[in-house]
Each structure stands twice: as structure tokens, then as C-alpha cells.
1. Can you report the number of residues in region 377-406 which are in contact with a helix residue (DSSP H, G or I) (Cβ under 7 Å, 6 or more places away or on another chain) and either farther than 21 Å from ALA313 by Cβ or assigned to a loop (DSSP other than H, G, I, E, B) (or both)?
2. Scan region 273-290 and give yes if some residue there is modelled with pLDDT of 70 or more, small (Gly, Ala, Ser), surrounded by 14 or more Cβ atoms within 10 Å (Cβ to Cβ) and under 35 Å from the mean Cα position of the chain (by Cα), otherwise no.
3. Inside region 114-139, can you point out the residues that are of a type in the set (S, T, N, Q), touching a strand residue (DSSP E or B) at 6+ places or on another chain (Cβ under 8 Å) and within 17 Å of PHE184 (Cα to Cα)?
4. Tell me, which helices (runs of 4 or more DSSP H) wholly within region 97-194 include 2 or more residues that are touching an Asp or Glu at 6+ places or on another chain (Cβ under 9 Å)?
5. Only one of ALA73, ALA66 is surrounded by fewer than 21 Cβ atoms within 10 Å (Cβ to Cβ) and modelled with pLDDT under 80; which?
6. I'm checking my understanding of the structure. Among residues of region 140-152 that are aliphatic (A, V, I, L, M) and touching a strand residue (DSSP E or B) at 6+ places or on another chain (Cβ under 7 Å), which one is surrounded by the fewest Cβ atoms within 10 Å (Cβ to Cβ)?
7. Provide a single number: the residues in region 407-431 that are touching a residue at least 24 places away in the same chain (Cβ under 8 Å), surrounded by fewer than 20 Cβ atoms within 10 Å (Cβ to Cβ) and not in a loop (DSSP other than H, G, I, E, B).
8. The conditions are (1) at pLDDT 90 or above; (2) buried (at least 17 other Cβ atoms within 10 Å of the Cβ), and VAL112 fails exactly one of them. Which is it?
Amino acid sequence: MGILDAIQTGLSELLSHKMRSMLTMLGVIFGVAAVIAMVSIGEGAKQEALDQIKQMGIDVIHVKRASITGELADKAEERSPYGLKYSDATSIEDVCAFAKRIVPTREVFADVKVGEKPVSVKIVGTTPDYLAVSRSNLESGRFLLKTDMNEHLRVCVLGAAAKRELFGFDNPLGKMVKANNQLFRVVGLMEPKEIGSAKAFSALRDLNSDIYIPINVAISDFKIASQQAVPADLAKLQMIAVKLLSKTSLENSALSEIIVQVESDTATGPSASVIRSILNRQHHSIRDYEIIIPAELLKQSQQTQRIFNIVMAAIASISLLVGGIGIMNIMLATVTQRTREIGVRRCIGATRWDIVRQFMLEAMVITCVGGLIGVAMGVGGARAISVYAGWRTVVSMQAVFMSFGVSAMVGIVFGMYPAIRAAMVDPIEALRYA
């Protein structure tokens, strides 16, 4: 009997016992489907994290203002009452030769509207270099210029969502936006930025709702949107608030964030250590700031992803193992049922290798058909998860081929013992079997 004849015999055996064949294949089907679906979820999460980290920039360091409570708040009032401030940015610039760009930002309180309708947007004071460090692009117009800062011009650049909220489908360039009863002329419009279906990192925020103005205008004309500390004592809270919100010098003006861009992602770790030393000295050992390194977040994400993949593969392997045991049991039962057929074939010239090959191929036919059904279910399941759960999934061809290959291996491994058992049947005893 040739290979094609053996495969045909295996298919005939499947079709003649449809229910038994389906039950036999269930373990393989669910195992393969689970591998593909789980790997797709993992790959989707990995791609989501990578995209978001790329938006943050793997060659940048984010120094953010942090709230502190308890005894640290009391110490902060004495040693570092302004929290993260403009002089921190200038100190980093003076000391850190490795920094390509240093961009201070300040989120501010503002009642923003066009006409009489207020909208929910953020005003961010920043510098011209923000466009480069944020990996953003202009859709039309221009970004902030040094001239705007030098001449204290009230100009603004709108994020995509802020533009929709304020102007709908109208062209905003050259029009005026009112913020705390001050008029700002729109000079630019940002391209929309995708942040994915879910934020993988708390440091990432939606930039589409931002309105950008010169940082010196934000410092002189607006109050900062985040406070440095939240002490329990109301009187101390009011005292700190007065310091933070009053007119202060530029150097002591509170910032929301300082973004430091370095030469490469490999330089972020050492650079962050230098920045931490500078700020520790500037703030008299008060940790009223936090340093976020996207490159480190990427490494942590990859490590977590590896653990997730190992766990998912272990779970799916259990399903395939159970499926393999089921196939071996069914094949052993088949050998018993077909003992007389084995004896007849041996008497007319079939060798033991022919018997082994036939039963091995039949086991592989079962697992391969089950594997194909599992692949279809896995791909369909990944699509369904993406549509109904809103999770990002990426079907990996590597996972498809790997899971199908494993299903074929299951047929070989778990079909071998029944095949050998069939080949060892004595032909004379087989012919007597009723």
C-alpha cells in the first residue's frame, strides 16, 4: 500500500466514524486554536506597547512633577516649595552635555472657548523643540517659534481633538481662541496621533486634546494645573498654593514636566542617573519628581511578554497533550477492532513496516485535519476577540505554522505506540480473531 492509499484509508476511517473522529480531534482542535488565539493576543499587546513607547520616544527621558503626602510634604514646604521648576531644566542643560534637546512643559488651568461655549481641552506651555521630542507632525500652519517666546506673543497650536472641539470642520488658522479671557491666535494645527485602544503606560497621555502656547506666556499669565504636594493640614495646603500660584520669578516657576532627549536609547540609563543626581541636589533630597525612561519600559514590557508567552504556551500544550492521549486511546481501540484486517494484510504480503506506516499515517491524518480546523478556529477567535472585546490582536504566521506543526508531531508521537502494537500482532492469531 502506497502513502496516498494509506492517507485515503485514514480519511475513509474518519468519515465512517464521524462522531468518534470529531471527539478524538477535539483536544488537538482546542489546543491549536488556543495557541493561535493566545499568541495573537500577546502579539497585539506587544505591538500596542511598542507603538506607544515609540510615541513617547525611546531616546528621551521624562521628568514629571509628582505629588507627595505626609511628612514628606512638610519637608517639601521647607526645602523644595516649588517642586519641579524652570531652574531644574536650566541646570540639566548646563551640566548635561549629552542632552540634544531639553524641553520644559507646563500644563495650566484655563477656561478655553470659542464664542461662549467652553470646551474640555488642555493648555500646555512649551518651547519650539517640543515638536521634535514628542514625535509629532504638523498638518498645517507652523509650530511655536523662538520669536513667539522672545516677543511674548499670544499664539497657539491646536491638537486634532482640540481643533474639532473648538472649530468643528472649519479651518482654524488665523482665528482666535479665548483662554481665561485672553485671546490667542491659532498659527498651526497638529496631525492626529493614535494612542491605541488602551494605554499600556500611565506616562502616555492623549496629545490630541492639547493646545500649545509659548512657555513664558503660560508661566506669566496662567496658574499651573498640578500642585506639588497634598498635605493633610489645610492651612499648609493654602500656604503652598499661594507660593505655587503667585507671580514668581522665571527660575522658580513650577513645571509639569521636563523632557530630555539624548543621543540614543542606550544612553538613557546613564543619563537618567546624572539627571537624578542633579535634581536630588537641587531639591535637597526631596523626591517631588519622578523619572520615566521609555527604553526601560520597553525592556520591562518585553520581559513581561516573554513570561506571558511561556504561560500561554504551557496552557495550550496541556490541551495538545490531552488531545494526543485521546488519539492514542482511540488508535489502540482501532487496532483491536481491525485485528482481523491486520492479519489478512500480513498473510497477503504486507510487512510490519507497512502496518506501522498505515496506522501512523491514519493518526497523522486525524491530527492534521484537527490542526486545520484548529487554525481556522484560532484565527476566527482572534478576530472575534478584536471585534467584541476591543483588544488589539495580531495573527502571527509563525504561531500558525508552529501550532499546526505541533499537531502533526502529536500524531507521530502518540500514533507510534498503537502502530507498533498493530505491527506486532501475530498474523495467525489475527485471522482467528472474531
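The values are calculated or read from the model by the stated rules, or taken from the named source; none is laboratory data. For clarity, every value in this text was computed on a predicted model and none was experimentally measured. Glycine gets a Cβ as well: all are built from the backbone with ideal geometry, and neighbour counts include every protein chain shown.
1. The number of residues fulfilling the criteria is 6.
2. Within region 273-290, none of the residues are modelled with pLDDT of 70 or more, small (Gly, Ala, Ser), surrounded by 14 or more Cβ atoms within 10 Å (Cβ to Cβ) and under 35 Å from the mean Cα position of the chain (by Cα).
3. Listed by number, the residues that qualify are THR126, THR127.
4. 160-167
5. Answer to the check: ALA66.
6. The residue in question is MET149.
7. So the answer is 12.
8. VAL112 satisfies all of (1) at pLDDT 90 or above; (2) buried (at least 17 other Cβ atoms within 10 Å of the Cβ) except (1).
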